[in-house]
1. Along its three principal axes, how long is the range 77-233 when you only count alpha carbons? Whole Å, largest extent first please.
2. What FRET efficiency do you get for GLN206 and ASP70 if R0 is 45 Å and r is their Cβ-Cβ distance, rounded to the nearest 0.05?
3. Of the accessible area of the range 229-294, with the probe set at 1.4 angstrom, what percent is carbon plus sulfur?
4. Please compute the per residue accessible area over the range 120-272 with all protein chains in place, 1.4 Å probe, rounded to a whole number of Å².
5. GNM on the chain, C-alpha springs below 10 Å: top fluctuator among ALA145, ALA167, ALA281?
6. Excluding ligands, DNA and RNA, what is the solvent-accessible area per residue of the range 1-46 at a probe of 1.4 Å, expressed in Å²?
7. Tally up the carbon and sulfur contribution to the accessible surface of the range 103-195 as a whole percent, 1.4 Å probe, everything protein left in place.
8. I'd like the carbon and sulfur percentage of the solvent accessible area for the range 44-88, probe radius 1.4 Å, heavy atoms only, ligands and nucleic acids excluded.
Amino acid sequence: MKTYLSFLGTGAYVPCVYLKPDGTAGDSGVVTYVQTAMRKLVARDAEKTLVFCTKAAEKAHWQKLCAEFDAHGLSEPEKVAISDGSNMKEFWEIFETVNAHIPQNAHIVFDVTHSFRSLPLIMSVLLNYLEVVKGTKLSGCYYGAFEALGRAKDVEKNCPDPTDRRAPIFDLSQFFLLNEWVRAIRAFERFGDAGDLNELAKQIIQPLLAKEETRTTEIVELRKLTGALDDFTQQVRSNRCKDIQGFEFKTRILDRLDAARACNVLPQLKPVLEKLEGVFAKYQDNDLKNGIHAAQWAFDHDLIPQGYTLLQ
């Protein structure tokens, strides 16, 4: 279930036009609440809309928010009461409240615009937690940057026509994706498994390869390199010694490193790529000794049974 998640603030909301985050044509039209813009621009197909608000936010804005949703043809959001978050007890209450309202296996669109004070930190931890315990997935994280126009009072004074107030929406999803890269790099370096690295690279690179204007040599080589790393680590983990002996390490890994390192699409991979040359320098194409080296790789990554099997 696609779920849009937002927090309602207590400050002054000034009508403006929010712009699509991907730079393509299209905007929200004049709206007072960023939640309306988000639902129209990045969460149109959301099946569930959760708006978390304190008593003060509810009193100041809830009825007006619901009225604006209705005026734009959006279904009424679900109000979820939360505390002010003024002490640790209330922080944990917010954590538990949000957790209780997120459906199992939900695809979450997180609007961070009015996540005041410590809420962004709490939510980033909670989203990682939910991914493990509820099987959720973050579909997108967005920020409506009204302050790019200036202070609310100044905006109203200097730009009286709301249609001229055009505020950007920023897509912050890539920063949340860093958590997945951390886990993937840790799995590769600690356990010798490149599966998650390969999947993340595929997720980002595949759309670029599909378009001629973005299909560069560096991107092609990086995609092939992550695939080769996954092939090798799976061969080690499944004791495929003959495949390892016949693996083209120079052709599939070493010769691709320079081009892959020059690719700026996945800067998260650069620390891994920098180490690969030293790791694979002793391997050769179609060499019997590759099995010996792979056994050492297995031992270094706590794959003890695989190491013994490869030696045998």
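1. Extents along the principal axes, in whole Å: 59, 43, 25.
2. So, using R0 = 45 Å, E works out to roughly 0.70.
3. Exposed carbon and sulfur together represent 48 percent of the surface.
4. So the range 120-272 comes to 53 Å² accessible per residue, rounded to a whole number.
5. Judging by the Gaussian network model, the answer is ALA281.
6. Accessible surface, normalised per residue, equals 34 Å².
7. Ligands and nucleic acids excluded, carbon and sulfur reach 58 percent.
8. Exposed carbon and sulfur together represent 47 percent of the surface.
The values are calculated or read from the model by the stated rules, or taken from the named source; none is laboratory data. These numbers were taken from a predicted model, which means no experiment stands behind them. Quick reminder, even Gly has a Cβ in these numbers, built from the backbone with ideal geometry, and neighbours come from all protein chains shown. Side chains are part of the model used for accessible areas, which takes the heavy atoms of the whole protein and leaves out ligands, DNA and RNA. Shrake-Rupley method; radii C 1.70, N 1.55, O 1.52, S 1.80 Å.
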